[in-house]
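Here the structure comes first, spelled out in structure tokens, and everything after it is commentary.
The values are calculated or read from the model by the stated rules, or taken from the named source; none is laboratory data. For clarity, every value in this text was computed on a predicted model and none was experimentally measured. We place every Cβ from the backbone using ideal geometry, glycine too, and count neighbours over all the protein chains shown.
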Amino acid sequence: MTKEKAHARREHLQQMRAEQKRKQRRAALLMWGTGGLIIVVLVGVVGFYLIRQAQQTSLDAVANYKYEAGQHVWNAVTYKETPPVGGQHNNYWQQCAIYDKPIHSEHAVHSLEHGASWITYRPDLPKAQVDKLKEVAASTGNQEYMLMSPFPNLPAPIVVSSWGHQLKLNSPDDPKLGAFIKRYQNGADTPEPGATCGGTDAITTTADQAPLPPEPTGQQQQQQPTETAAPSPSQSQ
């Protein structure tokens with residue numbers, strides 16, 4: 001083999017190796033670029049989901065109030081908020097449960113004082129939405145502190161309240177409903193944490209079934225309701 005041929009062959013091999021390296025670099029760049037793009041897309045999707053979820057469950061719209069606790073009265077009370085979120089209330093609290101008729105606010109507020117969440121809805125709310133509300137009430141938070149009832153003249157189709165906190169909603173599917181219950185049911189502002197929302201002294205009737213109890217007289221004054229602690233309430237879900 002002549003020197004010229006040998007030199008030409010070496011140059012050809014060098015060109016082939018250089019071309020192979022260029023192809024390898026392009027493949028690597030393409031691979032890393034595609035992988036990087038996938039990562040960026042995934043991060044974007046996850047970020048979008050987290051931001052959207054945070055927006056959907058944001059409780060920025062919650063109205064907050066300050067009320068002194070322990071104001072027990074026997075008379076009917078005129079409340080500032082609809083439904084009420086605190087203030088004076090009857091000596092007897094409402095049994096935490098789901099009611100299909102309105103209940104006395106004076107009893108419900110006492111339940112709020114014990115840590116209950118109170119879901120109220122307009123009486124003309126479609127049955128399908130009421131049924132959905134009942135599903136939420138039966139599956140969210142601590143059922144021993146869940147109160148639900150229709151309420152006339154609400155400022156929104158649905159209003160959920162706790163002591164000192166209230167949120168207006170348009171749909172039972174709004175994730176803010178569950179977020180509110182989880183945050184405020186038996187929350188930090190509960191005046192009497194651990195007090196029962198049931199027991200023998202709890203009111204189990206609706207407003208149309210019984211009036212507010214009259215102020216006791218004589219020996220009846222010694223038969224005041226006893227606010228005992230609930231038996232080891234389960235944690236909110």
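Overview of values
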{"item": "Some residue of the stretch 51-58 being surrounded by fewer than 18 Cβ atoms within 10 Å (Cβ to Cβ), within 20 Å of G164 (Cα to Cα) and modelled with pLDDT under 95", "result": "yes"}
{"item": "Which numbered condition G194 fails, given (1) touching a Leu at 6+ places or on another chain (Cβ under 7 Å); (2) closer than 19 Å to N91 by Cβ; (3) not hydroxyl-bearing (S, T, Y)", "result": "(1)"}
{"item": "Residue list for the stretch 67-99, restricted to those being acidic (D, E) and without any contact (Cβ under 8 Å) to a residue 60 or more places away in the chain", "result": "E68"}
{"item": "Which listed residue is at pLDDT 95 or above, within 15 Å of P84 (Cα to Cα), assigned by TED's automatic domain parsing to the domain that holds E68 and more than 20 Å from the chain's Cα centre (by Cα), from S161, S117, S105", "result": "S105"}
